[in-house]
Amino acid sequence: MVAVVAAIGVTAVLLRPAGQGGGGVRVAGSTTPTTRPAPAGPLPGWETIPIDEAVCDRNPSSHVPGTPPDSLLPRAVVEPAFTGAVQAVTGPVASATRATWESYSAKLDGPSGYLEVEVPMDNGNGQLQLEVRVYGGTPVAMAGASLYFYGECLPPARHVLADGTVLQLHQVHPGNPQQPVQHLRIYRPDGREYILTAAGWSEADLVPTGGGAFTIAGGRGKLPTTGAQLAEIATRLVTNLG
């Protein structure tokens with residue numbers, strides 16, 4: 001099942017399906033289908049990246065040798081770049097509803113940032129989330145190492161920009177249909193990684209379970225963006241960051 005980083009209050013926590021260890025937000029009632037969805041066709045200008053089904057379920061290490069940068073871009077730069085990209089694609093949204101910016105995260109052993117906005121849909125709000133990290137190695141190497149990060153064994157689509165930035169769009173995770181989630185990972189040549197997540201739930205669906213953890217009850221049953229829209233937000237975010 002999928003790991004999604006979310007920020008609750010002043011601490012970034014990990015979204016986990018029920019039954020996995022650790023604190024954070026647990027996805028309620030997730031199920032695993034007996035068959036995998038057929039691969040989606042790539043977006044125009046994007047390439048479908050083949051996967052090795054012999055290893056994909058094992059979630060191989062995504063570590064790539066290299067020296068990451070010491071810091072993120074300032075939140076004052078990233079937040080308007082993110083919200084501006086979202087607004088350009090989905091329409092007006094408020095400023096980030098959740099935000100954390102840490103110079104050092106023990107979980108990641110490096111700097112960490114998180115931003116979240118809620119996007120109105122016809123049956124309630126969904127979320128667009130942005131996690132910011134650093135990495136070592138090249139964008140292409142890191143994109144290759146993260147093919148199996150979410151364990152869904154579905155081939156992602158990839159697009160390489162003129163400056164060497166790699167965008168990698170993963171398919172909608174085949175978990176709980178009431179709480180769909182889709183990720184797009186951005187690897188920039190400066191060693192900074194941006195993980196965009198479209199989530200089919202909102203703050204109103206979070207139920208405290210004690211100890212600062214939450215579970216997700218309910219959901220919209222759909223995402224606030226299509227894959228093409230998520231790709232457009234990612235492209236605009238890169239442009240806005242400069």
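The values are calculated or read from the model by the stated rules, or taken from the named source; none is laboratory data. Note that this is a predicted model, so its numbers are computed, not measured. Methodologically, a virtual Cβ is constructed for each residue, glycine included, from the backbone with ideal geometry; neighbour enumeration extends over all protein chains shown. These area figures cover heavy atoms from the full protein model, side chains too; ligands, DNA and RNA do not enter into them. Shrake-Rupley method; radii C 1.70, N 1.55, O 1.52, S 1.80 Å.
Numbers at a glance
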| quantity | calculated |
| --- | --- |
| Candidate set from the stretch 183-231 (those that are acidic (D, E) and closer than 29 Å to G137 by Cβ); member that is surrounded by the most Cβ atoms within 10 Å (Cβ to Cβ) | E193 |
| Residues of the stretch 113-131 classified as on the phi > 0 side of the Ramachandran plot and aromatic (F, W, Y), total | 0 |
| Residue count for the stretch 143-161, restricted to those that are open to solvent by less than 30 Å² (accessible area, probe 1.4 Å), part of a loop (DSSP other than H, G, I, E, B) and either at pLDDT 95 or above or farther than 18 Å from H63 by Cα (or both) | 5 |
| Matching residues, the stretch 209-242, being in contact with a Gly (Cβ under 7 Å, 6 or more places away or on another chain) and at negative phi | A213, R220, K222, L223, P224, N240 |
| Within the stretch 227-242, tally of residues that are at pLDDT below 95 and under 18 Å from the mean Cα position of the chain (by Cα) | 0 |
| Odd one out for P139 among (1) surrounded by fewer than 21 Cβ atoms within 10 Å (Cβ to Cβ); (2) closer than 24 Å to L73 by Cα | (1) |
| Strands (runs of 3 or more DSSP E) lying entirely in the stretch 162-242 (those with 2 or more residues that are among the charged types (D, E, K, R)) | 192-199 |
| Given (1) open to solvent by 30 Å² or more (accessible area, probe 1.4 Å); (2) at pLDDT 90 or above; (3) under 17 Å from the mean Cα position of the chain (by Cα); (4) not β-branched (V, I, T), index of the condition F82 fails | (1) |
| Number of the condition not met by L167 [criteria: (1) closer than 15 Å to R185 by Cα; (2) out of contact with any His (no Cβ under 9 Å at 6 or more places or on another chain)] | (2) |
| Lone qualifier among G136, G113, G126 - being in contact with a Lys or Arg (Cβ under 6 Å, 6 or more places away or on another chain) and in contact (Cβ under 8 Å) with a residue 12 or more places away in the chain | G126 |
